[in-house]
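Visitor: The structure follows.
All of the numbers you see were taken from the coordinates with simple rules; none came from a lab. This one's a predicted model, so the numbers in the text were calculated from it and none came from an experiment. Note that we place each Cβ from the backbone using ideal geometry, even for glycine, and neighbour counts take in every protein chain shown.
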Amino acid sequence: MNTLQIEIISTDNIPAELDKKIDQLDHLAFADEQHDDPEFNSIDWSSHIEYMALGYMDGELVTLLGLLRRELLVGGKPVWVVGIGGVGTHPNWQKRGFASTLLQSAEKFMREKMKASFGLLICADERRSFYGRNGWKHLADEIFFTQDGQRRSLKTSVMILPLAEQGWFAGEIDLCGLPW
Ligand SMILES: CC(C)(COP(=O)(O)OP(=O)(O)OC[C@H]1O[C@@H](n2cnc3c(N)ncnc32)[C@H](O)[C@@H]1OP(=O)(O)O)[C@@H](O)C(=O)NCCC(=O)NCCS
């Protein structure tokens, strides 16, 4: 049986053709994402993705996620995290464990190559169990971020992945920039 082939690639080294495939899969995976909340719809998502984790079946790109480093403020204290965003699987290839396998590979990369103490992502409440099964812990239901010089808040599930012995800090989470 064929298995998922995974590569984690710096966004500086993505050839144009692959970049196009990434865009296509991203649009396809998120095509049904609809939000009634105008606040949510007015968010500019960070484009400073540092690495892409990509999963292929028989050479076809079927699942992907992005990774970026960010220094946040948690309760006013600076904390480095690796953010995960844009987790998506081609609709024809969902519910086969591909995104979970990709998250496991990303976890190893975040710990060993990016030397992060925590992963952090935001997601819809109904995705909490999916990430929970992959080791992520629900931490809060609101984040703060900055867009166009304005501090804003977003009600959303905030999840972290502990990657080292370090404990998390109490207090509000300020992404100190755009969300991902
Ligand atoms: C969320 C998403 C990335 C999951 O991708 P996926 O490759 O289907 O993920 P997995 O197969 O690892 O897990 C998905 C579910 O399938 C289940 N599953 C895994 N293997 C399975 C199998 N062989 N048979 C049946 N179900 C299976 C998992 O248990 C999981 O269930 P859960 O959602 O209740 O936890 C995908 O649904 C998607 O792209 N959604 C649209 C974009 C989106 O919302 N992204 C998340 C942003 S936070």
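Visitor: How tilted is helix 98-112 with respect to the longest principal axis of the chain? Cα atoms for both, answer in degrees (0 to 90, nearest 10).
Guide: 60
Visitor: For segment 58-109, what does the alpha-carbon gyration tensor say about shape, rounded, prolate or oblate, given a ≥ b ≥ c as the root eigenvalues, a/c under 1.5 as rounded, and a/b over b/c as prolate?
Guide: prolate
Visitor: For Thr3, put the label point 7 Å out on the Cα→Cβ axis and report which residues of segment 88-108 keep their amide N under 18 Å from it.
Guide: 96-108
Visitor: Same structure, new question: Explain nothing, just compute: Karplus ³J(HN,Hα) = 6.51 cos²θ - 1.76 cosθ + 1.60, θ = phi - 60°, for every residue of segment 33-46 in order, whole Hz, x for Gly and Pro.
Guide: After applying 6.51 cos²θ - 1.76 cosθ + 1.60, I find 5, 10, 10, 7, 6, x, 4, 5, 5, 8, 7, 8, 7, 4 Hz.
Visitor: Treat every Asp and Glu Cβ in segment 5-174 as -1 and every Lys and Arg Cβ as +1, leave all other atoms uncharged, and give the resulting dipole magnitude about the Cα centre to the nearest 20 debye.
Guide: Dipole about the Cα centre, nearest 20: 680 debye.
Visitor: Further question on the same structure: If you take the Cα Rg of the chain and divide it by 2.2 N^0.38 Å, with N the number of residues, what do you get?
Guide: The reported ratio for this selection is 1.01.
Visitor: Take every DSSP beta bridge whose two residues both sit in segment 5-174, then give the antiparallel share in percent to the nearest 5.
Guide: Roughly 95 percent of the beta bridges in segment 5-174 run antiparallel, per DSSP.
Visitor: Let me ask something additional. Could you list which residues have their amide H under 5 Å from that of Cys176, counting only those 5 or more apart in sequence or on another chain, with H placed in the peptide plane?
Guide: Leu73, Thr146
Visitor: Which ³J(HN,Hα) values, rounded to whole Hz and listed in residue order, are derived for segment 122-133 from phi using the Karplus coefficients 6.51, -1.76 and 1.60 in 6.51 cos²θ - 1.76 cosθ + 1.60 with θ = phi - 60°, glycine and proline given as x?
Guide: Along segment 122-133, the couplings run 10, 7, 5, 3, 6, 8, 4, 5, 4, 5, x, 5 Hz.
Visitor: Right, something else. Report the gain in length on full extension from Asn41 to Cys176: 0.36 nm times residue separation, minus Cα-Cα distance, nm rounded to one decimal.
Guide: Roughly 46.7 nm would be gained on extension.
Visitor: Suppose the Debye formula is applied to equal point scatterers at every Cα of segment 3-86; what is log10 I(q)/I(0) at q = 0.20, 0.21, 0.27 Å⁻¹?
Guide: Scattering profile of segment 3-86, log10 relative to I(0): -1.04, -1.09, -1.35.
Visitor: Which ordering of Glu17, Glu7 is given by a fewest-first count of other beta-carbon atoms within 10 Å?
Guide: Going from sparsest to densest Cβ surroundings: Glu17, Glu7.
Visitor: Let me ask another. Within 10 Å of each residue's Cβ, count the other Cβ atoms and sort Met52, Met110 from fewest upward.
Guide: Listing Met52, Met110 from fewest to most nearby Cβ atoms yields Met52, Met110.
Visitor: ³J(HN,Hα) across segment 135-149 via Karplus (A = 6.51, B = -1.76, C = 1.60, θ = phi - 60°), whole Hz, x for Gly/Pro?
Guide: x, 7, 10, 6, 10, 7, 10, 7, 10, 10, 8, 10, 9, 6, x
Visitor: Given the C-alpha atoms of segment 95-180, compute the convex hull and give its volume per residue in Å³.
Guide: Spelled out: Cα convex hull of segment 95-180, divided by residues, is 109 Å³.
Visitor: Something else about it: Can you compute the FRET efficiency between Glu50 and Glu165 using 1/(1 + (r/R0)^6), with r the Cβ-Cβ distance and R0 = 22 Å? Round to the nearest 0.05.
Guide: 0.35
Visitor: Based on the inverse mean of 1/r over its pairs of different Cα atoms, what is the Kirkwood hydrodynamic radius of segment 74-136, in Å?
Guide: Kirkwood hydrodynamic radius for segment 74-136: 13.0 Å.
Visitor: Summing +1 for each Lys or Arg and -1 for each Asp or Glu, what net charge is found among the other residues whose Cβ lies under 11 Å from the Cβ of Gly55?
Guide: Around Gly55, the surrounding residues sum to -1.
Visitor: Okay, next question. Could you give the nm distance between label points at Arg151 and Leu28, where each point is 7 Å from its Cα heading toward the beta carbon?
Guide: 4.3
Visitor: Mind pulling the angle between the C-alpha long axis of helix 16-29 and the longest principal axis of the chain? Nearest 10 degrees, somewhere in 0 to 90.
Guide: 70
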